[in-house]
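Notes to accompany the following structure.
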Amino acid sequence: MAAGSVVLLTRALEALDVGGAADKINLIPQDFFAELRLQTSGIEVNVGDLAKITNTVSFLFSTAARNNLSTEELITALGSTVNTLPKHAIQVIRHVWNEQGKSVGVSEDKGNMSTVGQFVDIKWKLGVAMSSDTCRSLKYPYVTVALKVADSSGQITNKCFEMTVPQFKNFFRQFKEMAAVLETV
Amino acid sequence: MAAAEQQPPAVDGGKVDITEELLRGQLYPEAAPEEFRALRAKMGGLLQSIASADMDLNQLEAFLTAQTKKQGGITSDQAAVIAKFWKNHRVKIHESLVNQSCWDNVLKNMNWRVDLKSQSRHVDQINTPVAIVEMELGKYGQESEFLCLEFDEAKVSQMLKKLTEIEESMTALTQTT
């Protein structure tokens, strides 16, 4: 998978004529390139070239993100393009990807996937937490609810959670707003 | 030793790793480590008692006055600083203690929107508004599960009826305590 991604990125870069852009990148100071900000630098780069460079760089990072490339894989791919990018540009790309790469990487972790379902019913229970090992005088009321949910196959599950009084008030308020909107639509 | 004028560093749910040496350097650089340790232990103990009892102003005053009269207790300056700190941070500290004692799932966030169903197997559902609700459920400090539910008008009414029951019970409860 890793080797394939590197090849993919290399081909993508070549297709985008990174070589052409590479010559222009030589004109741009390191810091400016790193931040991709359009500031005047007193350097003759026309808008078209700048757009091309910006496109190339964003394509570079988004392809790397989609394929979850590590910094090493990314730099390796750049190293094998026909017209190698100048060293300072590579340094900048390495630095930026090291810092930001993880946050833009597409996660394949299923932990965040939404479960879609139909609301069936709600059961509830009201309690008061009196005391705990860390606090002898807790004295806060809380409601435990069990949402009966039917998934797309019709299977019923219970989703349970607790709410303190302020949390419950907010929950209630949201549903009142929902009802109001449903009425007016 | 004069009472510290600054507020103690904010404690993030008890997880902050503040060393005694760091505190001494910040607050009492001229004090000997032993002296500072004793002060810190004393103040920490008092705050723990106050937080654990979630003292109101009357209880706080009585408690601190008693402490100033004790042998090896605190000065009235120190009592004033502790009182000021508790008044300013009581709610936040209590909330933190409440959250620490909640070990089940909580509703971390909730978003919703209303859609118009334009296509459906059931002809009678065309152009009916439906609410799509996304709930983020999870335990404090752990990964969340995102639950996405559909509610038509009838289901929202059903929900509101149950929530009203809860509200009535809560009101009854807080009126009797």
So for B:Trp112, B:Trp103, fewest C-beta neighbours within 10 Å to most, what's the order?
B:Trp103, B:Trp112
Quick one: which residues, 5+ away or cross-chain, put their amide H under 5 Å from the amide H of A:Lys139? H built at 1.01 Å from N.
A:Met130, A:Ser131
Which ³J(HN,Hα) values, rounded to whole Hz and listed in residue order, are derived for the stretch B:85-102 from phi using the Karplus coefficients 6.51, -1.76 and 1.60 in 6.51 cos²θ - 1.76 cosθ + 1.60 with θ = phi - 60°, glycine and proline given as x?
4, 5, 4, 6, 10, 3, 4, 5, 5, 5, 4, 5, 5, 4, 4, 5, 9, 9
Karplus-derived HN-Hα couplings along the stretch A:133-144 (A = 6.51, B = -1.76, C = 1.60, θ = phi - 60°), whole Hz, x at Gly and Pro
5, 9, 8, 6, 10, 6, 6, 10, x, 8, 10, 9
Provide the packing ranking of A:146-153, B:156-163, i.e. peptides ordered by the mean count of other C-beta atoms within 10 Å per residue, highest first.
B:156-163, A:146-153
Scattering curve values for chain B, log₁₀ I(q)/I(0), Debye with Cα scatterers, q = 0.08, 0.15, 0.17 Å⁻¹
-0.49, -1.00, -1.15
Which of B:Phe151, B:Phe63, B:Phe85 fluctuates most in a GNM of chain B (C-alpha springs under 10 Å)? That residue is B:Phe151
What does the average come to when, for each residue of peptide B:137-147, you count the partner chain Cβ atoms lying within 10 Å of its Cβ?
3
Average Cα contact separation per residue, chain B, under 8 Å, 6 or more apart, as relative contact order %
14
Given the DSSP H assignment, sum -39500 (n - 2.57) over each helix run of at least 4 residues in chain B and divide by its residue total; what's the result at 222 nm in deg cm²/dmol, nearest 500?
-17500 deg cm²/dmol
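Any read-out appearing in this document is the output of simple, stated calculations on the displayed coordinates, not a laboratory observation. Computed from a predicted structure; not experimentally measured. Because the Cβ atoms are built from the backbone with ideal geometry, glycine has one as well, and the counts that use them run over all protein chains shown.
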